[in-house]
Structure formats: structure tokens, C-alpha cells
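Have a look at the structure below before the remarks.
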Ligand code: NAP
């Protein structure tokens, strides 16, 4: 094991349950990069450096492929019940450390502790769900129409998987990939986001201690992920890429995956519309808006980005949303009083400022917030901008922050047209007391997921994913497992 570790404190400032190795997990051991280069990790709530992690080069990336490849046959041959038992152990091990992991997430990501606790529970749930799925991978058997032979269909592990994750849910985006990969019998290499590697390293150490065999999970961090991931994807032993992140990087990786025809699952950016109809229950719509907009301080791919509110309820909706968002406590993620934590970095603040300034220049009214907070760290306050005009950049691009952009509408057909007027199609929200109407609208919205009269869609048991340029494939549910399976057809005569 590398001698370099990091021990984040628990709530009382005491050392946490174990020291997090800050190296690369390759095979059975933690090691440093050969170059000795390290990546500094910053606490977004203060702007101060927390620690540094090993910076992987191409050689270590290929060493991770060696390790995953060496472990692949044994893991694929491990009985499903045994794989399930290990996944259950991972679920319990993660939940046993829920509070400490939540504090770690808040520390390196800046999100409020309440959001981080929810993330750990959501992240761990993928292990429980896929433990239950691991023993239910069945096949099919049929008779060829001509009657000459039998058609036997098997689901086999697709092989070594490269998993690339973003910083906004550093635990859940990793486990949403690791759990189905392991359940299917695949080994993997996880490349977490540069801003939030500590959570991934802590989770990997928890999984290792819970009994995941050497080489089944490998973790690498890289300050220059392009060449490392490209080399991994061009190694023909790698058969799967699962990526969560921006559409822009997703496109690059799809091109990389094309060279060796690697199966690719893509969870990309969103631009979620949130429709409130005149007949909606106003209080329920506000509750839903608070979750859809303010969970993770707006740093979620499913975050409501555009609020289309029908004229009859519009003014009351804006007034109540301003009151609720204005009452939120903004502060350091780890402060238990915080409801809206820090943004991840200065680039995020710059993007929010640019989108808000553009909306104002085009005629929007600032009803709340609207300017970066002058304090250490990266803080943007809960903000409401109403009367956002067509053509404003905030309607095209995810703001990824605590800014609610509101647009009034009169005609429902217009609202549906506006909701669909985007290249993205991840999540959408509809509030109406008329369920028939709401479901008809839900069917017509071009998104992979629609929440009707609720502000949350994420569930380990549900297929999560997008249409259009929001992605390819699904995570969660039994659909998430098949992303890691190859369908083998055997024609049999007897
Ligand atoms: P990002 O910039 O696309 O980065 C995502 C991951 O890709 C990071 O690990 C990043 O590493 C890595 N990466 C960047 N360039 C790469 C390259 N050329 N080759 C290989 N890997 C590369 O996204 P982000 O800013 O971390 O996350 C925010 C985005 O994720 C938003 O667009 C959000 O909507 C999306 N998201 C989607 C979902 C979903 O389920 N659909 C869920 C969460 C987030 P570095 O950190 O080193 O750059």
C-alpha cells in the first residue's frame, strides 16, 4: 500500500474510521504513479487544499487494464449467489459509514450534508438492488420457426469496463456503474472526476474490505484523462465504456470507442423543463420545485433548468418560490445548518454569472439573488429570475447552479413545444391536478424520464437515462444490468 493516505475528520473533528489511500488502486494494491505527480484536491467551501492524489499516466492506465483483465475470468465464473453476497456486503459496509462518507462528500464537493447523506443512501442502494439482480440473470430458450433447431439465448458478462464519472454525485455515479458491472460478472476500471476523487477512493477501499476480490475494481485518477482513457479504450481487452458527464466529453469518448467498437453507455447533460399548469396544487409544485431545483444546489443533470408556469398561477408561484429559496441557509457543505452548499469551482461560478447576465441583458427580472457571494470558497446564492425571454442562453445550456429561470405561458401546446425545443432530453417535470392531462403531456415530452407531480426521479429500481443528446442506454433497474451483458445466441439441434 502507498504510504500516502488522507484521514478526513468526522463531525467532531476526530479522525475518521480509516485513512483513505490516495494512490491508484490497481489489482490488489494501492500504488503511487511512476511519475510521482499528484493532483491537489480543493475544499470548495473554503478554497483551501485538502490533500493530493496520485496522478495516473498511460502506463498505469494499461496496468489497470492488465489487472482487470487478469481478474475477469474468475469473477465471471464466480457463482451469481456469491457475487450477490459480496454486493450485499458492499451495501451494508457503505451504509455503516454513511455519516462519515457524507461528510467526505460535503468536504470535497461542497454540497450540504443533508444532500450528501441522501447521496450515500442512494449510492449504497445500487449494491442492494444489483445484489438482488445478480441471481436473476436468466436466459431464453425457443424453437426456431422452421422447427429444425432450438434457439438458446444467454446473457454473458461483456468484459472489462471503463467507468468514467463526474464530480456532482461522486459516490452515486460510481456505484450506479460498479454495482451492475459486478453483478453481471464484469471487472472494471473507475476514473472519477478530478475534483472529487476522495469519495471514489474511500468507496473503493470500503468495497475492497467488504470482499470484492483483487482486480475486480481498479481506480485511477488523471489530471489529463484524455490520453489515459484513449489508451484504455484502444486496448482490445476493454469491451465496455460507461460514461456520465457532459455531452461535449461524451461525444469525444463515443468517437474513441468507435475505433475498437466498444459498447458505450452515455449519461450526459440535461436541460430539464418544469411545467406548472394553472390547476396544479401550488404548495406541492413549490415543494417539487425546491427538490428539482435545489437538491445539490442545482448541480444535478436532472435539475429543473427552465420553469414554464401557466399565467393563472404564475405570480403566486414566483412569489412563493422566492420566499422559499430566499430562506435557505447558504454555507459550507459540512456545516449542519447549510441548506445550499458551495459550487464546485470558479469555472462553475463563471458559467452561472455568464448565463444570468445574458438573461438580464435580454430582459429578465431578478427577483432573488443574481450575484456571486463575496466570501472565501465558491458560493452563488439561491436566485430566481423571472420573465426570461426566448433566445436567452440559460434556456439552452444547463446552469448547474441554484438559479431558477421562469417563463410564463398561456397555451399548453406552447409549453410542450418550448419544453421540447432543446437538444437535450434527460428529465422533465409536470405539475397538474388533472392526471390524464399530465400523463398526456408526459408522453409528448422528449425526455427519458418525466416526473408527474413530484420533484425527484432518481431510483435504483428505475431506468435512468436520456433521449436525444442526453445519452444512450439506461442505468438502474434490470435495464442497467443488460448494459454490461453480451447476448449470446446458440443454435442447437438435438
Ligand atoms: P465532464 O467535464 O464531462 O467530466 C466527466 C468526467 O469525464 C470526469 O471524470 C472528467 O475528468 C472526464 N473527462 C473529461 N475529459 C475527458 C476525456 N477527454 N477523456 C476521458 N475522460 C474525460 O463533466 P463534469 O463537469 O464532471 O460533470 C457535469 C456534467 O455531467 C453535466 O453536464 C451533467 O449534466 C452531467 N451529468 C449527467 C448525469 C446523467 O446521469 N445523465 C449525471 C450527473 C452529471 P476530469 O474531472 O479530470 O475532467
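Computed from the coordinates by the stated procedures, all read-outs in this text should not be read as laboratory data. These figures come from a predicted structure and were not determined experimentally. In this analysis, Cβ positions are derived from the backbone assuming ideal geometry, glycine residues included, and neighbour counts consider all displayed protein chains.
Quick notes on this structure:
Yes/no per residue for (1) without any contact (Cβ under 8 Å) to a residue 40 or more places away in the chain; (2) surrounded by fewer than 23 Cβ atoms within 10 Å (Cβ to Cβ); (3) over 30 Å from residue 146 (Cα atoms):
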site	(1), (2), (3)
399	no, no, yes
419	no, no, yes
439	yes, yes, yes
455	no, yes, yes
458	no, yes, yes
469	no, yes, yes
482	no, yes, no
493	no, yes, no
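- Exactly one residue out of 336, 390 is without any contact (Cβ under 8 Å) to a residue 60 or more places away in the chain, surrounded by fewer than 19 Cβ atoms within 10 Å (Cβ to Cβ) and assigned to a loop (DSSP other than H, G, I, E, B): that is 390.
- Exactly one residue among 306, 239, 251, 255 is in contact with a strand residue (DSSP E or B) (Cβ under 7 Å, 6 or more places away or on another chain) and over 24 Å from residue 390 (Cβ atoms), and that residue is 239.
- Scan of region 175-218 for residues that are within 14 Å of the ligand (Cβ to nearest atom), within 16 Å of residue 481 (Cβ to Cβ) and in contact with a strand residue (DSSP E or B) (Cβ under 6 Å, 6 or more places away or on another chain), ordered by number: 176, 177
- So residue 301, is it within 14 Å of the ligand (Cβ to nearest atom), under 23 Å from residue 394 (Cα atoms) and surrounded by 16 or more Cβ atoms within 10 Å (Cβ to Cβ): yes
- Single residue of region 219-245 satisfying the filter (away from the ligand (no atom under 11 Å from the Cβ) and under 21 Å from residue 182 (Cβ atoms)) that is surrounded by the most Cβ atoms within 10 Å (Cβ to Cβ): 219
- Scanning region 308-324 for residues that are under 29 Å from the mean Cα position of the chain (by Cα) and not in a helix (DSSP H, G or I), we see that the one that is surrounded by the fewest Cβ atoms within 10 Å (Cβ to Cβ) is 308.
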